Amino acid sequence: MASYYVNKNAQDNGDHEVHKEGCAYMPAPQNRQYLGEFSSCGPAVAEAKRFYPQSNGCYYCANECHTG
Ligand SMILES: [Zn+2]
């Protein structure tokens, strides 16, 4: 299990990136929303979509959940 966070700030394309704890691209603490502990990025992105419908996995730490 790992802790996942979603970026409160959207990317230029409108995506809110979901990051796994330890990612080099983790947003600053004030810019991220804690999602919970998950065994993979899939349910983490699903949780993020409750806050931000346009959520997407980080290319670097959640590549299997990254689209576009
Ligand atoms: Zn990341």
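Across segment 31-36, in residue order, what do the Karplus-derived ³J(HN,Hα) couplings come to in whole Hz, using 6.51 cos²θ - 1.76 cosθ + 1.60 with θ = phi - 60° and x for Gly and Pro?
9, 10, 10, 6, 9, x
Hey, if you put +1 on the Cβ of every Lys and Arg and -1 on every Asp and Glu Cβ in the chain, which of 45, 9, 57 ends up farthest toward the positive end of that dipole?
The listed residue farthest towards the positive side: 9.
Please report the antiparallel percentage of DSSP beta bridges with both residues in the chain, rounded to the nearest 5.
The antiparallel fraction comes to roughly 75 percent.
Using the 10 angstrom Cβ neighbour count as an exposure proxy, how do 5, 59 rank, fewest first?
Least crowded to most crowded, the residues run 59, 5.
Relative to the present Cα-Cα distance, how much length would full extension add between residue 64 and residue 24 at 0.36 nm per residue of separation?
Roughly 12.7 nm would be gained on extension.
Can you give the charge dipole size of the chain about its Cα centre, rounded to the nearest 20 debye, using +1 on the beta carbon of Lys and Arg and -1 on the beta carbon of Asp and Glu?
Result for the chain is approximately 160 debye, rounded to the nearest 20.
Each reported figure results from applying straightforward, stated rules to the coordinates on display, with no laboratory input. Quick caveat, the model's predicted, so the values are computed rather than measured. Note that we place each Cβ from the backbone using ideal geometry, even for glycine, and neighbour counts take in every protein chain shown.
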